[in-house]
Amino acid sequence: MALLSILSILRKEKPNVLFLQSTKAGFLGSLAASILNLKPNAQNPKIIYRIGGWSFNDPRSPLANKILLWMEKISARWKDVIIVNSELDRQIAISQKIIPENKIVKIYNGIDPNSINFLPEEEAASKLSGSNPDSFEHIVIGTIANLYATKGIEYLIESANILTKTRNLKPVTFVVIGEGRERPKLEALVKKYNLENNFLLVGRISNARQYLKVFDIFVLPSVKEGFPWALLEAMSAEIPIIATDVGAISEIIGSKKEGILIPPKDAKTLADAMKYLVENPDQGRRLAKNAKEKLKKFNIEKMLSESEAILLPAHRE
């Protein structure tokens with residue numbers, strides 16, 4: 001049904017460019033365009049496919065990921081350009097022989113830090129605290145993430161359990177802004193470790209990034225990532241960052257330069273990193289300052305100009 005719907009739209013609109021995202025949309029969209037191209041004298045659109053991280057690397061069954069990989073390989077022959085947002089994903093495309101190297105373009109995500117209207121810390125704390133107003137008088141460690149398995153929130157909860165049992169450490173509150181199908185599992189973990197007063201799953205909030213200044217430390221515990229916008233936003237807020245070394249994260253921040261990188265699925269190492277920043281706020285401020293400076297490399301103007309260079313001249317004579 002989706003294929004027929006896309007075919008109908010392409011016949012009606014006759015676009016010069018078909019811009020696709022995600023494995024399923026990429027497969028169906030490029031297949032639809034290739035079907036139209038079978039007609040004599042057909043004016044096929046230029047097919048541009050942008051990924052935010054290869055889906056066949058997600059934590060799912062090996063068979064499912066193998067199917068997704070072959071969907072990418074089969075549909076690549078119908079695509080004119082594949083845009084990736086990291087060197088890692090470019091190298092994966094080459095090593096997996098998804099598409100010829102000359103058809104792969106790397107464009108880093110970009111952000112305008114001046115466009116983010118961060119709420120003052122006290123106002124953000126007041127709006128997030130709910131029934132736990134005293135919690136935000138503690139050190140606040142937080143993240144913005146969908147409650148999906150790829151985001152590794154379960155490891156943040158496990159590390160919180162370790163950290164809250166550490167002697168002579170300042171009180172810490174953990175906050176996760178986001179929603180998703182993992183919520184029941186994560187709530188059960190919070191209850192298992194008796195963290196109901198220390199670990200807040202506040203749910204989905206509109207314009208979540210404006211609350212970042214309430215965090216003393218930002219943690220991204222992902223198991224799999226592409227090029228996370230949340231990391232750029234945390235860099236804009238100039239708060240210390242701890243992130244797992246997955247996806248393009250090491251291309252964004254260098255460990256002990258602009259943040260602290262740790263292995264994924266390692267609650268003990270994550271707890272140690274958080275403890276270090278709680279006990280060494282001067283080091284955290286140094287890392288945050290370096291990250292804000294590094295952010296100049298990932299600016300919105302550069303992203304837009306590189307994207308326009310591919311999109312705008314795409315009209316075929």
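Quick notes on this one:
- Note on region 200-215: residues that are touching a strand residue (DSSP E or B) at 6+ places or on another chain (Cβ under 8 Å) and either assigned to a helix (DSSP H, G or I) or within 15 Å of Leu119 (Cβ to Cβ) (or both) total 8.
- A single entry from Lys97, Lys106 fulfils the requirement of being charged (D, E, K, R) and either at negative phi or touching a Ser or Thr at 6+ places or on another chain (Cβ under 8 Å) (or both): Lys106.
- Summed over region 229-253, residues that are of a type outside the set (A, V, I, L, M, F, W, C) and either more than 19 Å from Met274 (Cβ to Cβ) or free of Cβ contacts under 8 Å to residues at least 24 places away in the same chain (or both) total 6.
For every residue, the table says whether it meets (1) at pLDDT below 90; (2) aromatic (Phe, Trp, Tyr); (3) in contact with a strand residue (DSSP E or B) (Cβ under 8 Å, 6 or more places away or on another chain); (4) under 27 Å from Thr150 (Cβ atoms).
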position: Leu18; (1), (2), (3), (4): no, no, yes, no
position: Lys24; (1), (2), (3), (4): no, no, no, yes
position: Leu38; (1), (2), (3), (4): yes, no, no, no
position: Leu63; (1), (2), (3), (4): no, no, no, yes
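- Scanning region 270-290 for any residue that is within 23 Å of Asp112 (Cβ to Cβ) and in contact with a helix residue (DSSP H, G or I) (Cβ under 6 Å, 6 or more places away or on another chain) turns up nothing.
- Options Leu147, Leu189: the member that is in the same structural domain as Leu200 (by TED's automatic domain parsing), among the hydrophobic types (A, V, I, L, M, F, W, C), closer than 23 Å to Lys213 by Cβ and touching a residue at least 12 places away in the same chain (Cβ under 8 Å): Leu147
Okay, residues lined up against (1) charged (D, E, K, R); (2) in a helix (DSSP H, G or I); (3) surrounded by 13 or more Cβ atoms within 10 Å (Cβ to Cβ):
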residue: Arg11; (1), (2), (3): yes, yes, no
residue: Gly29; (1), (2), (3): no, yes, yes
residue: Ala33; (1), (2), (3): no, yes, yes
residue: Ile47; (1), (2), (3): no, no, yes
residue: Asn65; (1), (2), (3): no, yes, yes
residue: Lys79; (1), (2), (3): yes, no, yes
residue: Ile82; (1), (2), (3): no, no, yes
residue: Arg90; (1), (2), (3): yes, yes, yes
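- Flag if Leu232 is of a type outside the set (Gly, Ala, Ser), within 16 Å of the chain's Cα centre (by Cα) and buried (at least 17 other Cβ atoms within 10 Å of the Cβ): yes
- With a requirement of 2 or more residues that are assigned by TED's automatic domain parsing to the domain that holds Lys14 and over 30 Å from Glu182 (Cα atoms), the helices (runs of 4 or more DSSP H) lying completely within region 222-317 that satisfy it span 300-311.
- Considering Asp58, Asp89, Asp80, the condition of being over 28 Å from Ser305 (Cβ atoms), among the acidic types (Asp, Glu) and assigned by TED's automatic domain parsing to the domain that holds Ala33 is satisfied by Asp58 alone.
- A Cβ distance below 7 Å, combined with a sequence gap of six or more or placement on separate chains, defines the contacts here; from region 18-38, residues that are within 11 Å of Ser75 (Cβ to Cβ) and assigned by TED's automatic domain parsing to the domain that holds Lys66 reach residues that are polar (S, T, N, Q) and assigned to a helix (DSSP H, G or I) in the pairs Leu20/Ser30; Thr23/Ser55; Gly26/Ser75; Phe27/Ser75; Ser30/Ser75; Leu31/Ser75.
- Scanning region 136-154 for residues that are within 18 Å of Asp216 (Cα to Cα) and surrounded by fewer than 17 Cβ atoms within 10 Å (Cβ to Cβ) turns up at least one hit.
- The one condition in (1) within 28 Å of Thr164 (Cα to Cα); (2) not assigned by TED's automatic domain parsing to the domain that holds Val176 that Ile141 fails to fulfil: (2)
- Only one entry of Arg204, Arg183, Arg209 meets the criterion of being more than 30 Å from Glu87 (Cα to Cα) and under 17 Å from the mean Cα position of the chain (by Cα), and that entry is Arg204.
The values are calculated or read from the model by the stated rules, or taken from the named source; none is laboratory data. Computed from a predicted model, the values in this text were never measured in an experiment. Don't worry about glycine lacking a Cβ; one is built from the backbone with ideal geometry, like all the others, and counts go over all protein chains shown.
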